[in-house]
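A.B. asks: Shown below is the structure under consideration.
The values are calculated or read from the model by the stated rules, or taken from the named source; none is laboratory data. Here the structure is a predicted model, which is why all the values come from computation and not from measurement. Here the Cβ positions follow ideal geometry from the backbone for every residue, glycine too, while neighbour counts run over all protein chains shown.
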Amino acid sequence: MRKILLLILVITNLGCNDSKNEFQSEFPNYKLQSINFLEKRFYLPANYQNASLDSIFQSKFKLTNSLDSLPLNNKKFLRLHNSGGEFEYFIDSKNPENTITFILGEYTSLSEKTMNIFVDMLQMNFSLDAKEQNQEFKLKQKKFYNLSYADVIKVKFLRLKNQDQLYVTQYLITKGLKTMTMIVTNSENEDYDELIKNFKI
């Protein structure tokens with residue numbers, strides 16, 4: 001549970017070719033991206049680009065005339081980088097406000113009880129952010145999935161600030177003896193539930 005808190009603050013595995021081919025045919029506009037800490041490649045939307053240290057987005061972060069959302073992305077990236085944890089960070093090249101982040105955590109057995117604890121922790125953390133940054137978070141969904149290949153907790157919030165809104169969806173995923181977080185931020189209310197299928201491969 002300590003690792004879960006860390007993941008909030010910084011805001012497997014053998015498969016068969018049939019699973020890969022099934023996913024690829026179902027999502028033709030996706031492409032394979034490396035998730036290094038899992039030593040795997042995941043299908044992600046084709047317009048998402050890796051924002052690692054040597055990526056094109058890192059050079060854009062340094063531009064004073066960059067899009068408004070890029071400085072915020074830089075702060076998020078630096079928080080992740082300075083946390084010392086293992087992560088992969090992807091940005092939508094068409095809309096840099098949209099991101100997908102994978103963070104490796106400490107193994108946690110997931111259940112509906114764990115989900116409720118996770119929701120409480122997120123709400124507490126978001127309430128602090130709301131006071132400091134003049135924004136509001138509304139819980140939109142919480143769900144526990146007991147899948148044949150993984151256990152998953154999904155929690156979605158709507159962030160409201162002035163006239164802007166952003167959906168923040170956090171997934172806790174445990175497969176085998178590994179637990180990770182997937183965080184999706186999206187202005188169009190897209191949470192990419194289908195990405196969970198990557199864990200079938």
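A.B. asks: Please specify each residue of the range 41-59 satisfying the condition of being modelled with pLDDT under 90, surrounded by fewer than 17 Cβ atoms within 10 Å (Cβ to Cβ) and not polar (S, T, N, Q).
C.D. replies: Leu53, Asp54, Ile56
A.B. asks: Related question: Hey, any hits in the range 92-100 for a residue that's modelled with pLDDT under 90, surrounded by 17 or more Cβ atoms within 10 Å (Cβ to Cβ), assigned to a helix (DSSP H, G or I) and not aromatic (Phe, Trp, Tyr)?
C.D. replies: Taking every residue of the range 92-100 in turn, none turns out to be modelled with pLDDT under 90, surrounded by 17 or more Cβ atoms within 10 Å (Cβ to Cβ), assigned to a helix (DSSP H, G or I) and not aromatic (Phe, Trp, Tyr).
A.B. asks: Given the options Asp151, Asp120, name the one that is among the acidic types (Asp, Glu) and surrounded by 16 or more Cβ atoms within 10 Å (Cβ to Cβ). It would help to see each step written out before you state the result.
C.D. replies: Values: Asp120 fails: surrounded by 16 or more Cβ atoms within 10 Å (Cβ to Cβ).
Unique residue meeting the criteria: Asp151.
A.B. asks: Within the bounds of the range 125-134, is there any residue that is at pLDDT 70 or above, of a type in the set (S, T, N, Q), within 17 Å of the chain's Cα centre (by Cα) and in a helix (DSSP H, G or I)? Outline the logic, then answer.
C.D. replies: So in the range 125-134, the residues at pLDDT 70 or above come out as 125-128, 133-134.
Next, from what is left, pick out any that are of a type in the set (S, T, N, Q): 125, 127, 133-134.
Filter again for within 17 Å of the chain's Cα centre (by Cα), leaving 125.
Next, from what is left, pick out any that are in a helix (DSSP H, G or I): 125.
Yes: one or more hits.
A.B. asks: Okay, moving on. Please work out which residue is surrounded by the most Cβ atoms within 10 Å (Cβ to Cβ), limiting yourself to the range 175-199 and to residues that are in contact with a Gly (Cβ under 8 Å, 6 or more places away or on another chain) and farther than 19 Å from Gln49 by Cα.
C.D. replies: Met180
A.B. asks: Moving to a separate point now. Would you mention how many residues in the range 135-172 are touching a strand residue (DSSP E or B) at 6+ places or on another chain (Cβ under 9 Å), part of a loop (DSSP other than H, G, I, E, B) and more than 20 Å from Phe102 (Cβ to Cβ)?
C.D. replies: 1
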